1. Which of the residues belonging to the stretch B:146-166 are assigned to a helix (DSSP H, G or I), within 12 Å of chain A (Cβ to nearest Cβ) and over 17 Å from B:LYS104 (Cα atoms)?
2. In the stretch A:607-626, what count of residues is obtained for those that are more than 15 Å from A:VAL526 (Cα to Cα) and touching a Lys or Arg at 6+ places or on another chain (Cβ under 9 Å)?
3. Can you work out which of the residues in the stretch B:291-335 that are in contact with a strand residue (DSSP E or B) (Cβ under 6 Å, 6 or more places away or on another chain) and part of a helix (DSSP H, G or I) is nearest to the other protein chains (Cβ to nearest Cβ)?
4. Out of the residues in the stretch A:278-297 meeting the condition of being surrounded by fewer than 24 Cβ atoms within 10 Å (Cβ to Cβ) and either under 35 Å from the mean Cα position of the chain (by Cα) or more than 8 Å from chain B (Cβ to nearest Cβ) (or both), tell me which one is modelled with the lowest pLDDT.
5. Can you tell me which residues in the stretch A:298-334 are within 13 Å of B:GLY145 (Cα to Cα) and either part of a strand (DSSP E or B) or modelled with pLDDT of 70 or more (or both)?
6. Within the stretch A:258-275, which residues are buried (at least 23 other Cβ atoms within 10 Å of the Cβ) and either more than 33 Å from the chain's Cα centre (by Cα) or within 7 Å of chain B (Cβ to nearest Cβ) (or both)?
7. Only one of (1) at pLDDT 90 or above; (2) touching a Lys or Arg at 6+ places or on another chain (Cβ under 8 Å); (3) not charged (D, E, K, R) fails for A:LEU819. Which number is that?
Amino acid sequence: MAGPAENHVLGINDTKEDTEEQTAISEEERNSAETAEGREKDMSPASGSSIHRSGSRPQLDLSGAAIQGNFEERDPAILLPNQSDDISHLALDIGGSLIKLVYFSRHEDKRIEDKRKSSFKQRFGIPNGNRRSYPILGGRLHFVKFETSKINECLEFIKSKQLHRGGMNPRRWPVDISPNENVVVKATGGGAYKFADLFKEKLGVSLDKEDEMDCLVAGANFLLKAIRHQAFTHMDGRKEFVLIDQNDLFPYLLVNIGSGVSMIKVDGDGNFQRVSGTNVGGGTYWGLGKLLTKCRSFDDLLELSQRGDNRTIDMLVGDIYGGMEYSKIGLSASTIASSFGKAISENKELKDYRPEDISLSLLRMISYNIGQISYLNALRFGLKRIFFGGFFIRGHAYTMDTISFAVHFWSKGEAKAMFLRHEGFLGALGAFMSYEKHGLDDLMVHQLVERFPMGAPYVGGKIHGPPLGDLNEKISWMEKFVQKGIEITAPVPMTPLGTTGLGGFDVPSSRGDTLRSDASNLNVGVLHLVPTLEVFPLLMDPKTYEPNTIDLSDHYELEYWLTVLSEHLLDLVDKAVASEGGTDDAKRRGDAFARAFSAHLARLREEPAAYGKLGLANLLELREECLREFQFTDAYRSIKQRENEASLAVLPDLLIELDSMDEEARLLTLIEGVLAANIFDWGSRACVELYHKGTIIEIYRMSRKKMQRPWRVDDFDNFKERMLGPGDKKLSPHKRALLFVDNSGADIVLGMLPLARELLRRGTEVVLVANSLPALNDVTAMELPDIVAEAAKHCDILRRAAEAGGLLVDAMVNIEDGLKEDSPSVPLMVVENGCGSPCIDLRQVSSELATAAKGADLIILEGMGRALHTNFNAQFKCDALKLAMVKNQRLAEKLIKGNIYDCICRYEPAS
Amino acid sequence: MAALEAAPVQLGTTEAQLDNDQGEARIGSNFDERGPDSSAISSFDHISPWALDIGGSLIKLVYFSREDNCSENDAMKRIAKKEGEVSNCSKNYRVLDGKLYFAKFETSKINECLDFIQSKQLHRSGCRFQEAPVNNNTIVKATGGGAYKFADLFKEKLGVSLDKEDEMDCLVAGANFLLKAVPHEAFTYMDGQKEFVQINPNDLFPYLLVNIGSGVSMIKVDGDGKYERVSGTCVGGGTFWGLGRLLTNCKSFDELLELSHRGNNRVIDMLVGDIFGGMDYAKIGLSATAIASSFGKAISENKELEDYRPEDVGRSLLRLISNNIGQIAYLNALLFGFKRIFFGGFFIRGHEDAMDTISVAVQFWSKGEAKAMFLSHEGFLGALGAFKSFEKHGLGNLMAHHLVEHSSMALPHVELNTLC
């Protein structure tokens, strides 16, 4: 438990924040949100002391801050640490129908110094110690909704989380805030006026009213600039994310569909004009719908529409023209001529119509109308981009399709309707932005990471219970689902892909009886603000860089990987539980993890874009995140240890063998060794089965024997030529090489370390780049110094380089032969990459890595995750070598038209 | 039940001219302009002087009836006489005496329409001067979607072939004719004040014609026969009536209109003031009484449909639809740089609230720059256009030209109402 004196590391939280779903929050959602908060409190270092850095996205701790501060041209986001700032981390948008709440949970900084870091800082001339006494802004943005008519739930939520007092348990703060102190909270929306007294009375909070339009625009600008896959198009049931160039964002039309509709022409930050609007909006849909169908809530009404057939009520062109089209003006027979027009000509009363049909007719009428008026306004001002936001849309496929259809139809395809994943939160976010010194203005897209902690798939659940205080209660809450026999997936089943698209006003070709999960198919996660992340500077073109090699928008591809992950799950749970000693508590958490992760997979199977654009890297990272959420900090800890030890034991023999070879043979053997050792990968099911058949060394030797050139992708000769020179000519060695390492055990010890040693021997500085957080059996930056130190005991080259790199400060005494008089070696260093996934997205790496990359002229990416699943097609400014063994038949076929265990040695010299 | 309305118009004009001493336009008074050998005449053998506009909700019937044997009021005869004078002073036309009748039926009760036609013997051509054989294949001009849908029915029941005229063609032809030929066809309506607008026939084009039927068509008219449907919306008269019926159990469109006249939309609509605690949102120019969200108040109250007065529901609905049409029409006019927007179609039919809300919407969005105008003969544009398509053989232009010279008299309001 966190004591008052205990500071959080920037990003120390081992677990995920909870979710705040985009739909109006239900009780259990609130509970889950509380769980998160509870966990956040509980998960201070005491419970995870062996892990120095953890958290949703591993960040650098204060050293990172210092690095960043070193670059004077930057303007690092800074949060001044006085209490009043902390209090203000809550903002509200109180609309006519919904209350939207955005709050920020901050991470305090904590100093962790290890030898690796201090040496690294020395090497790069980074002053040790803090230039500032205050932390960088780092933390999480949460998004929550309440119905305005149930404003008390909102008040209770704020109270229970103490959001009006800075969102933290007061006892954890050195200076307590007096409850009587006048707390000011930014608020927008009409309700900011209407409910001002209520907030004052119940919470002692003064609402500081921010202009609604200002907030909307500020929120939209922030989201469009800061979140990579914020905007998407939605046509015929297909969602497609749109990359918005930050520099080419303006002007655009922002259509906010709340109770009514506002249309705003945005020309820049703070530069906008409300040019139009309509009173036919979300309130009309809900209000009329309520009168006509007696639905209890907006979502009920939306859900009804999914089973509706509007043809029973709407008058179609075909109804008027006897089934024929009015082709002269381009109206097909299925076009709606008059919404509700059929209700006039039949002797039916309200009760004779299905509520489903009424809801659908109403939805189409209003969506289409908004789309049309929006387009007319866009045309009027020559705007190509129209962004639709506001609570009315709420990720509902039919609504978006209808709006898109209207825009497409009237613009003859020239204009596109785009939607925002955080629709509905624009105003609240904008109000949040209106606090001074929050530092968000300067955040860049690469500094934000969105996480989808458990709780997200539970929207609409029916289980109510007491508020959840910690992980334990959260698990209990999840277990209730199982007891009650409720399958944990998204609330509404859906039809297969591609059947949701109805094209606005054309009548659906076939709707079937199946339901779709429209009402919640977009999840708003928790937004992690990580100012220390940077774009990897050696990327040839960060704008066109796409980390993922495999396109998961291919339905079959996604299905395959979901299946792979499902099948792997049981094994992973076993490992995870064993890593925690197999206690009952671990078992319980293991079960909860399995359920949670299965729910995520089920969710994604239903709606691949539920969490934004989905790539394989995201999918694999989700698993690691989910593990951490249930406090499994390192499921493969013991396996890694065992394999490291076994490999280190045979390293001396291998080094002797290598040293007996000539330069050319040695280089080939080294690359063979890297490829062979890459077989040890617990992420590969095929390999896991192999392990049961022999010892590590046996497998390694067998694997190496099979390493016969030519490999499936074989640029070895080119690489060799660069290394050893063409003919007798010698090229100067690389100045610095970045080695992105993969697995623990043989992979790092028998594969990459010998290769690093060879580079060091040739006078190249070597930086080993490893994960910040554990992912499968991947070696982490925390573990590497010990491994290097152990290896250095048997190898002079490694020892001197590690010394030079400052890795052996403590280990030096262990070195028997002190050859201190040797000429100084080039250094061997270790940096963390900033992530905790088996893959790496080079748009978001640690500032440490970014700094180290600046002097590098060779990149070696090793392993499936970093060289194949991601970055296989990445282009760099310097020489790049991608080495991996393909341990998956499907990937082998897809990527290189080869087979499982084929090898890839792809060398791409700097152009 | 017979026609909803069947108000006679004297002497083939579309106009009511009871108090008109100057004589006035008349339609179809010179079929024989080209002389007895004209092909127009021969083609006319098979065409009855009546026309239909069969829409989704209503059937509009326009028919011509010879006047000479009828004992209509004196005014008619007076006008007939005047007409003769007019003709004489311009050209030597032979003027037909007769009346143009307008009738409406609900499309769902199409049999009433058939009965009516039968009773009037219209399908037997109805033209006395015509000697077409009774068993001849009678052809009638028709427009509207129903001209396709009910073609077989007309053939079967009346032995009449519907000659389908394009709907837009007819609408535009009808509007152009009315706007050019009939003085004070157009008027504005604001705050209960009706004001006729003088349209210079030479400066009529371009304009935006908004026809509010079941759905709404917005047509950019650049000249006679020169037009383009540029927009439209499915939120139209059918929506008002259809939704209104579901919400109020009104038995007819007129009942619903009448009802909404008495209602108060503030009961159900969410106003800007409701959101802002009674305050204006002055920064963007929204007054507290502006509608923020139609029917928006229904969401936050624990009331059911029965708890609301049908009058208030109707009122909110009317404002929703009028407002929306007014806005979309204005935006389209703006895009094309048009100053004039004419609203027609059965939805308006002289209903003050509909006109008022549309006018307010146009004024609001245009910041007073554009004005909504209405047509006295809204509702019959299509049928009139179809009827006028008889005259494709060259009569129409002269007609209009002729009428322009006599277009200064005021048109009494009373007649308007009896007309439509």
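1. Hits for the stretch B:146-166 are B:TYR148, B:LYS149, B:ALA151, B:ASP152, B:LEU153.
2. Result for the stretch A:607-626: 4.
3. Ranking the qualifying residues of the stretch B:291-335, first place goes to B:GLY296.
4. A:SER297
5. Across the stretch A:298-334, the qualifying residues are A:MET315, A:LEU316, A:VAL317, A:GLY318, A:ASP319, A:TYR326, A:LEU331.
6. If the condition is that a residue be buried (at least 23 other Cβ atoms within 10 Å of the Cβ) and either more than 33 Å from the chain's Cα centre (by Cα) or within 7 Å of chain B (Cβ to nearest Cβ) (or both), then A:SER259, A:GLY260 are the ones that fit.
7. Result: A:LEU819 passes all but (1).
So that you can scan it fast, the table gives a plain yes or no per residue for (1) modelled with pLDDT of 90 or more; (2) farther than 19 Å from A:LEU739 by Cα:
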residue: A:ASP786; (1), (2): yes, no
residue: A:ALA792; (1), (2): yes, no
residue: A:ILE797; (1), (2): yes, no
residue: A:GLY805; (1), (2): no, no
residue: A:VAL809; (1), (2): no, yes
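The values are calculated or read from the model by the stated rules, or taken from the named source; none is laboratory data. All of these numbers come straight from a predicted model, not from anything done at the bench. Positions of Cβ are generated from backbone atoms using ideal geometry, with glycine treated the same way; all protein chains shown enter the neighbour counts.
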